[in-house]
1. What does the net charge come to around MET59 if you take all other residues with beta carbon closer than 11 Å to its beta carbon, with K and R at +1 and D and E at -1?
2. Separation between the GLN143 and ARG81 pseudo-spin-labels, each 7 Å from Cα along Cα→Cβ, expressed in nm?
3. Given H placed 1.01 Å from N in the peptide plane, which residues other than close sequence neighbours of LEU123 have an amide H under 5 Å from its amide H?
4. With θ set to phi - 60°, apply the Karplus curve 6.51 cos²θ - 1.76 cosθ + 1.60 along the stretch 104-112 and write out the HN-Hα couplings as whole Hz, x wherever there is a Gly or Pro.
5. Show me, for the stretch 74-84, the HN-Hα J-couplings you get by feeding each phi into the Karplus relation (A = 6.51, B = -1.76, C = 1.60, θ = phi - 60°), rounded to Hz, glycine and proline as x.
6. Determine the principal axes of the Cα atoms in the stretch 34-160, then give the extent along each, sorted from largest to smallest and rounded to whole angstroms.
Amino acid sequence: MPAGYCSWDGIMFAFRLRFLLAACFLGAVSCFAADPGVLLQADRDFAQATDTRGLEGWMEFMAPNAVLLRDQPQVGPKTIRASLSKSFASPGFHLTWSPTNAEFVGVNSNVGYTLGRYEMKILGPDGRPITEQGSYLTTWLKQPDGTWKVVSDIGSPDSLPKSTRPAAKKPPHRVTSQTQPAKPAAPPPLQQ
């Protein structure tokens, strides 16, 4: 190759490098991986606030458009507060959780989720404690002030506690020759 000659591959490499650096500088592309530890810490703070202040601590972390996915989705802080107030006020109620994993979604690192394990304790109708354990997924959205708020939360119990399991269905009534209805008459033959 003559001196001063640039190959097409070299030109394209330089172009791509300049484009990537410009995109990073302008914020069009997240060039540096965001630290998922930020989400893990937000979730730990959420758990601590709830453990310390109950429903008020829980509500502190709800975004204005938050959704709790339960039997019936609870949309917005007002509805969430109303639906959870009975649980938080129940004797023996205690909810704890711990995140195990976190990831960001998309390129701008403003949305992410945490996964973890939870344990909920409450007194059953007979006064005995009931413990439910399970997994959860919480979606976080970075707010304009830089804080992280919950935009959706769903928990999935490992299994239902015995006292809340639906009653077993009785087997269907057995049909015996004495109770079997008479056979219907055969349909008339088709006429041509």
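1. Values: positive: ARG53, LYS78, ARG81, LYS149; negative: GLU56, GLU60.
Around MET59, the charge tally is +2.
2. Calculated label separation equals 1.4 nm.
3. Residues meeting the amide H criterion: PHE93, ILE130.
4. 8, 10, x, 9, 9, 6, 9, 10, x
5. 9, 10, x, x, 5, 5, 4, 4, 4, 6, 8
6. Result, largest extent first: 51, 28, 27 Å.
Here, each number is a calculation from the coordinates, and none is a lab measurement. For clarity, every value in this text was computed on a predicted model and none was experimentally measured. Backbone-built Cβ (ideal geometry, glycine too); neighbour counts: all protein chains shown.
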